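Working notes for the structure below.
The values are calculated or read from the model by the stated rules, or taken from the named source; none is laboratory data. Note that this is a predicted model, so its numbers are computed, not measured. Cβ sites come from the backbone with ideal geometry, for glycine too, and all protein chains shown count toward neighbours. Keep in mind that these areas ignore ligands, DNA and RNA; they rest on the heavy atoms of the full protein, side chains included. Shrake-Rupley method; radii C 1.70, N 1.55, O 1.52, S 1.80 Å.
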Amino acid sequence: MKEEFIYYLWENRLLSKNLTTTDGETVDVISVGNRNYNSGPDFLDARVKIGDTLWIGHVEIHTNASDWFRHGHQDDDAYNNVILHVVYYYDTERLDIPTIEIKGKFDESIYERYNGYLRSRRWIPCEKIIAGIQQFTWLLWLERIVVERLETQVKDVFSKLAANNQDWEETLYQRIMRYCGLKVNNDAFERLAQLLPLRILRKHIDNPLQVEAMFFGCAGFLEQHFTEEYPILLQREYKILKSKFHLTTMPKSYWKFLRLRPPNFPTIRIAQMASMLCLSDNFFSKALTVNDLDSIRNLFNVDVNNYWDTHFQFEKPSKERKKTLGTAAVDVLIINAVIPVLFSYGIYHDNQKLKDKSLGFLSEMEPEDNVVIRKFVSLGVNVSNAQQTQALLQLYNSYCKRRKCLNCRVFSALKTVDRATL
């Protein structure tokens, strides 16, 4: 018996209605309290009537009653206000705290189903029945966990914000840079943004060639002999700017080209980021004030230096083709960079309207297409927008992969055990 299963039974009021303490006193649970995820008792501020007395305090849960002593709670003042001890097996009489032994006082089929899910080798334990969950329950759950996903991203945004001396423009710039890397180059782009702060780029924002020189130079792409005019100019500018700002050059080996489509090469992405910065300075301030998704998308609508119309890499001519960011690529940046920062700003300033606007943008966007989402769709899960696909990514990464079924509404929505689904 795992403690987390007892938490589940207690929190969801799945124990027998006729509870008594090990001393024979009746127990009436008025309120189970609030789950405590930090140190201290497991549930805080519960209301429990024991015999004729109403108690208000904390509830501690263990598999065995003797765990109270094994964990040293008898010497911890944080447990002085525990009013009830809930255990699966009462294996000691040394306790002077009212204790409930729950063995035999809950539906064993729930535990059977839970163990079956833990042992499951399927992609997700509930894959055979997930499509049959009541739509209302399912949509409410997705709405909750998409906020959970954004709140997780907020922690990273606030961490970056603190490192950037509360500069929201710099923070958004760094996040956009990271997510233009398409996973394989995310770390390299984030490193480039750290080496090349926005405050330095802004000093030359009116000179695109110098901005491009700093981007490509710091990225390590100008450390070679060139024969074409454009890279020679970049190399010359970077030499001056590197000395002026004491810039650091990354090893070119940080960048990956293998298995990427040429339009997604880091050279093209760097050129696009440089152009976007020159044409959309104060990006965060602009994103903050617009109220429609197309206006945000337009901030990414930039043309790169015409050298790249006939190149994907330096000194390697190719067929002529405009190198603009496609809708899918722009939406990746909005979903992973712009929206989390706007949502974070809403939390920072307690602005519910901005938080709602951020969620609204997600609901207007097309569903994302990736391995995880395609797998959910193959199981019969319907997705209609990016808000739902973001929720599904959170569900898979934070619940399904970790077998946190007890914390998932899907598990709670199932009433009976079907052995064929385990």
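At 222 nm, what value in deg cm²/dmol follows for the chain if DSSP H runs of at least 4 each add -39500 (n - 2.57) and the sum is divided by all its residues, to the nearest 500? Display every interim value, and only then the final one.
Details: 18 runs with 189 residues, N = 422.
Value at 222 nm, helices only: -13500 deg cm²/dmol.
Relative to the longest principal axis of the chain, what angle (0 to 90°, nearest 10) does the C-alpha long axis of helix 135-163 take?
60 degrees
For the chain, just say rounded, prolate or oblate: build the C-alpha gyration tensor, square-root its eigenvalues into a ≥ b ≥ c, call rounded for a/c under 1.5, and beyond that prolate if a/b exceeds b/c, oblate if not. The partial results should precede the final answer.
On the way: a/c = 2.87, a/b = 2.30, b/c = 1.25.
Since a/c reaches 1.5 and a/b is larger than b/c, the shape of the chain is classed as prolate.
Output the direction-averaged projected area (hull surface divided by four) of the convex hull of the alpha-carbon atoms of the stretch 116-225, in nm².
12.0 nm²
Taking a label point 7 Å from the Cα of ASP28 along the Cα→Cβ vector, which residues of the stretch 51-71 have an amide N closer than 16 Å to it?
51-56
Which aspartates and glutamates have a Cα lying under 20 Å from the Cα of LYS252, excluding residues fewer than 8 positions away in the same chain?
Of all the aspartates and glutamates, those that pass the test against LYS252 - Cα under 20 Å, at least 8 places apart if same chain - are ASP187, GLU190, GLU212, GLU223, GLU228, GLU237, GLU315.
Return the whole-Å distance between the Cα centroid of the stretch 322-336 and the Cα centroid of the stretch 137-179.
Centre-to-centre distance over Cα atoms comes out at 18 Å.
Rolling a 1.4 Å sphere over the protein heavy atoms, what is the accessible area per residue of the chain, to the nearest Å²?
On a per-residue basis, 50 Å².
Taking 22 Å as R0, compute the FRET efficiency from the Cβ-Cβ separation of ASN186 and ALA163 and round it to 0.05.
Values: r = 18 Å, r/R0 = 0.80.
Approximately 0.80, to the nearest 0.05.
Just how large is the dipole of the stretch 274-422 about the Cα centre, in debye to the nearest 20, putting +1 at every Lys and Arg Cβ and -1 at every Asp and Glu Cβ?
It works out to roughly 880 debye.
Counting only protein heavy atoms and using a 1.4 Å probe, what share of the accessible area of the stretch 55-205 belongs to carbon plus sulfur, as a whole percent?
Working: 3410 of 7400 Å².
Looking at the stretch 55-205 in its full context, I get 46 percent from C and S.
Considering only protein heavy atoms, what is the solvent-accessible area of ASP76 at a probe of 1.4 Å, reported in Å² to the nearest 10?
Accessible area, nearest 10 Å²: 60 Å².
What residues have an amide H closer than 5 Å to that of LEU14, excluding those fewer than 5 places away on the same chain, when H is modeled at 1.01 Å from N in the peptide plane?
Residues meeting the criterion, in which the H sits 1.01 Å from N, do not exist here.
Counting DSSP beta bridges in the chain, what percent are antiparallel, to the nearest 5?
Percentage antiparallel, nearest 5: 65.
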